[in-house]
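Worksheet: the structure to be examined is printed underneath.
Quick note: the coordinates plus some simple rules give every number you see, no bench work behind them. Note that the coordinates shown come from a computational prediction; the quantities given were computed from them, not determined experimentally. When we count neighbours, we look across all protein chains shown, and the Cβ atoms used for this are built from the backbone with ideal geometry, even at glycine.
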Amino acid sequence: MNPASSPHPLVATVLGARPQFVKAAPVCTALRRAGLAERLVHTGQHYDAAMSDVFFQALGLPEPAVHLGIGSATHGAQTGRMLEAVERVLLDWHPDLVLVYGDTNSTLAGALASAKLHIPVAHIEAGLRSFNQHMPEEINRVLTDHVARLLFAPTAVAVANLAREGITEGVVRTGDVMLDAVLRFRSAFAPASADVVARHGLVPRGYALVTIHRAENTDDPERWNGILEGVRRLGADGLAVLWPVHPRVGERAQALASASIRLSPPLSYFDTQALLMHARVVVTDSGGLQKEAAFHGVPCVTVRDETEWVELVEAGVNVLAGADPARIAYAAREAAWPAAGLPPDLYGRGDTAGAIAEHLRAFLGGATAT
Ligand code: UD1
């Protein structure tokens, strides 16, 4: 038990990349409600205001207790620096548990630093697999799951993936905390959503929302050129396109900008949700946007050869188009939301964060901070 300050169990949450801020928002609130003390460690993986600060402000996240300021580097250097810096914090704080999200380098660094100090690790979004070892995220999630003590798996498929790797102890089937976030913040983004669409010069159901940021797409010239051509064809087909550009892409999409293809800087969470709500189709390689499109009942074309969210493909709301321009353009043109919709409770009912907090409280036992 954290001897440094109080008799109450302390949860240290290690995060650093944009999607982790969204996932943490409902969980931070639920931990507080469950009477658990939490401190955030921001690794600094995402450091631009538009990638970090605006999310903390809009989502009401607590200020990080420490910001490591690691920033961008090669994978080994970035993860190594985080590992060393997170270890120092954990040695100082003596938390009772370390909480990590998803599959970024920040996730792996937090999990590894913690496991080596024999501090239990809880992993939210455990068990996801693409079976593509070329993705840095696949390596991060496999390694994180193998050192985690508590594994919060969002889907039945994720539970089965873990079982196949011999991990059954500590696995809890939950739902998806991103659904919690959408439901919790709906009243903040929905009322003004039509205005957001108009502000971008778009009309409801008249545009594709495009996001591309995966290294396997942006850093492979053949795939990158295929994707650019696919998006260009969408515009040429007469469908308006809005593409908020991730910093990894930078200026490289600029040549596509035209009357029908609009590029924008990264968007806030609320504006993203507003634009998702009214899109005709989403074209993305993001895991989070694949799910969020589905939460809003919008079909998705995934610009990858595989996805971790296979149940969306099975439900017919998501099509894998790879980096092939003809497939991207065709899938986007034909995309439609199936009459059957999504199976019920695919990602829970929006109360996943509360369930996770209760599990953590039971695991930590003893006194709580209320
Ligand atoms: C990371 C995650 C990815 C996640 C994504 C969400 C890993 C291996 N990848 O990818 O799983 O889906 O975050 O966005 O952890 N940059 C900036 N400003 C920033 C952050 C990054 O300009 O605030 C630029 C830098 O040039 C950097 C590049 O973007 O080199 C890539 O950033 P990095 O954090 O390494 O990976 P992401 O592509 O963001």
Quick one: if you stick a label point 7 Å off each Cα along the C-beta vector at Asn132 and Gln57, how many nm between them? 3.5 nm
Tilt, helix 177-189 to longest principal axis of the chain (alpha-carbon atoms), in degrees rounded to tens, equals 60 degrees
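Once you have the Cα-Cα distance between Ala255 and Asn225, take 0.36 nm times their residue separation minus that, and quote the gain in nm to one decimal. Could you put the intermediate results ahead of the total?
Details: separation 30, 0.36 × 30 = 10.80 nm, distance 1.17 nm.
Additional length available on full extension: 9.6 nm.
Evaluate 2.2 N^0.38 Å with N set to the residue count of the chain, then give the Cα radius of gyration divided by it.
On the way: Rg = 20.1 Å, N = 370, 2.2 N^0.38 = 20.8 Å.
The reported ratio for this selection is 0.97.
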log10 of Debye I(q)/I(0), alpha-carbon scatterers only, for segment 1-86 at 0.21 Å⁻¹: -1.01
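Roughly how big is the chain's charge dipole about its Cα centre, with Cβ charges of +1 (Lys, Arg) and -1 (Asp, Glu), in debye to the nearest 20?
Values: 31 positive and 38 negative charges, 122 e Å.
Roughly 580 debye, rounded to the nearest 20.
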Placing +1 at every Lys and Arg Cβ and -1 at every Asp and Glu Cβ, with all other atoms neutral, what dipole size does segment 184-334 have around its Cα centre, in debye to the nearest 20? 600 debye
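Most exposed first by the Cβ proxy, i.e. fewest other Cβ within 10 Å, how do Met82, Met178, Met135 rank? Numbers along the way, then the final one.
Working: Met82 28, Met178 23, Met135 18.
The fewest-first ordering by Cβ neighbours comes to Met135, Met178, Met82.
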When the Debye formula is applied to the Cα atoms of segment 184-334, each taken as the same point scatterer, what base-10 log of I(q)/I(0) results at q = 0.19 Å⁻¹? -1.16
Sort Cys28, Cys300 by Cβ crowding within 10 Å, fewest neighbours at the top. Cys28, Cys300
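I need to check one value: relative contact order of the chain, counting alpha carbon pairs closer than 8 Å and at least 6 residues apart, in percent. Write out the running numbers ahead of the final one.
On the way: 741 pairs, mean separation 63.7, N = 370.
With pairs under 8 Å counted, the relative contact order is 17 percent.
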Residue separation between Ala50 and Leu143 times 0.36 nm, minus their alpha-carbon distance, gives in nm 30.5 nm
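Per DSSP helix of 4 or more residues, -39500 (n - 2.57); summed, then divided by the residues of the chain. What does that give at 222 nm, rounded to the nearest 500?
Details: 15 runs with 162 residues, N = 370.
Value at 222 nm, helices only, nearest 500: -13000 deg cm²/dmol.
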Could you state the number of Å between the C-alpha centres of segment 191-224 and segment 232-247? 7 Å
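For segment 90-166, which semi-axes, largest first and in whole Å, follow from the square roots of 5 times the eigenvalues of its Cα gyration tensor? Write down the numbers at each step before the final one.
Details: eigenvalues 94, 35, 17 Å².
With the √(5λ) rule applied to segment 90-166, the semi-axes are 22, 13, 9 Å.
Within 10 Å of each residue's Cβ, count the other Cβ atoms and sort Leu234, Leu117, Leu202 from fewest upward.
Values: Leu234 27, Leu117 14, Leu202 21.
If I rank by nearby Cβ atoms, fewest first, I get Leu117, Leu202, Leu234.
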Taking the 0 to 90 degree range and rounding to the nearest ten, how far is the long axis of helix 325-334 tilted relative to the main principal axis of the chain, both from C-alpha atoms? 90 degrees
If you average the C-alpha positions of segment 282-330 and of segment 134-165 separately, how far apart do those two centres end up, in angstrom? 21 Å
